[in-house]
Amino acid sequence: MPADALTLIVGDEELLAERAVGEVVAAARAEDPETEVIELEPGSLEPGRLAELTSPSLFGGGKVLVLRSAQDLGKELIAEVVAYAKRPADDVALVALHPGGAKGKALVDGLTKAGARKVVCSKITKVAERVAFVRAEVRRCGGTIGEDAARNLIEAVGSDLRELAGACSQLVADTGGKIDDGAVARYYRGRAEVSGFTVADKAVEGRLAEALEQLRWALVTGTPPVLIVSALAQGVRGLAKVGGAPRGARGAGLAKELGMPPWKIERLQRQLRGWSADGVAQALSVVAEADAQVKGGATDPAYALEKAIAQIVAARGSR
């Protein structure tokens, strides 16, 4: 019996499930390049068809049977698949895809008991998991990316794993493999909000040179000054909200209290290191003044933003 004679893929994250199927097919074709891949759907799978497909062929050759939407199989077909799994054919690899949940659970239990290799492809819903996915995807492509840069990429591209995977591959190809905040910003310069938030993150973290570099780049590539000052304001207000949160509040309770997703709270808590309450108050005053200047009070918005960033960084170090 080949190593992947039975594979059970459980979960509804399509990209991960398709990759799991692809790995089985690749392994089979590495042994036999002529391996046939046959797609099966419950609606077109009649009783006896599985036995027909898995019976020895006069012409030889391996097969990979990909059974999709396995949760929709009826009792009779589930029993047939489970019975086959107890004695799988030598030259056939059966891959069953099930989204999880109670429907069709008898198939999952039967294949598991028969010794099927189980691959979990649950939907990725937490930002921390998406960050881990992005970092792993970049490594898979031969590159490296820091946690903050991965978060910025997610903010720029969105949560769809296919789009994130494509962005990771493209960034590795275009940068030579080492991806930082600047690379994410450069290749997603059409996302003006991201450019502004990158500037804000550098400023509240006290990284003056990097903040000014990102500011100049953002302005050169067309990010409106009003969006940059808005991002600065949001960054500093976020520090104030998290810093002023009730002591002892954490997790889901803190997220509900502040009206922020947990990942954002975690980032702000990291950024708060080095800040005092007085420093945050000074920074709030700075962004209020910068907002007024950028919206008409200053003849040179770029200079007003540079000055504001320098003052925010200085406020961070004040006690």
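The values are calculated or read from the model by the stated rules, or taken from the named source; none is laboratory data. Just so you know, these numbers come straight off a predicted model, no measurement behind them. Every residue, glycine among them, receives a Cβ derived from its backbone with ideal geometry; neighbour counts consider all protein chains shown.
A few points about this structure:
- Criterion (at pLDDT 90 or above, part of a helix (DSSP H, G or I), among the basic types (Lys, Arg) and surrounded by 14 or more Cβ atoms within 10 Å (Cβ to Cβ)) met by exactly one of ARG186, ARG130: ARG130
- Members of the range 27-41 found to be farther than 15 Å from GLY61 by Cβ and assigned to a helix (DSSP H, G or I), listed by number: ALA27
- Number of the exception - HIS98 against (1) touching a residue at least 60 places away in the same chain (Cβ under 8 Å); (2) surrounded by 15 or more Cβ atoms within 10 Å (Cβ to Cβ); (3) farther than 30 Å from LYS126 by Cβ: (3)
- Pairs meeting the criteria (first residue in the range 14-31 and over 15 Å from VAL92 (Cα atoms), second residue part of a helix (DSSP H, G or I), beta carbons under 8 Å, at least 6 apart or on different chains) are GLU14/LEU161; GLU14/ARG162; LEU15/LEU161; LEU15/ARG162; LEU15/ALA165; LEU16/LEU161.
- Residue under evaluation LEU219, criteria (1) aliphatic (A, V, I, L, M); (2) within 21 Å of LEU284 (Cα to Cα); (3) in contact (Cβ under 8 Å) with a residue 60 or more places away in the chain, criterion not met: (2)
- Cross-chain or 6+ apart pairs with Cβ under 8 Å, the range 224-240 first and in the same structural domain as ARG273 (by TED's automatic domain parsing), then hydroxyl-bearing (Ser, Thr, Tyr): LEU227/SER195; ILE228/SER195
- Conditions (1) more than 10 Å from the chain's Cα centre (by Cα); (2) under 29 Å from GLN269 (Cα atoms); number of the one not met by SER159: (1)
- Of all residues in the range 136-168, those that are hydrophobic (A, V, I, L, M, F, W, C) and outside any helix (DSSP H, G or I) total 2.
- Being over 34 Å from the mean Cα position of the chain (by Cα) and more than 19 Å from THR112 (Cβ to Cβ) is a property that does not hold for GLU36.
- Among the candidates ILE179, ILE124, residue that is at negative phi and either crowded, with 21+ Cβ neighbours inside 10 Å or modelled with pLDDT under 85 (or both): ILE179
- Complete set of residues in the range 42-70 that are outside any loop (DSSP other than H, G, I, E, B) and without any contact (Cβ under 8 Å) to a residue 24 or more places away in the chain: SER44, ARG49, GLU52
- The residue of the range 71-124 that is nearest to VAL25 (Cα to Cα), among those that are under 27 Å from the mean Cα position of the chain (by Cα) and part of a loop (DSSP other than H, G, I, E, B), is CYS121.
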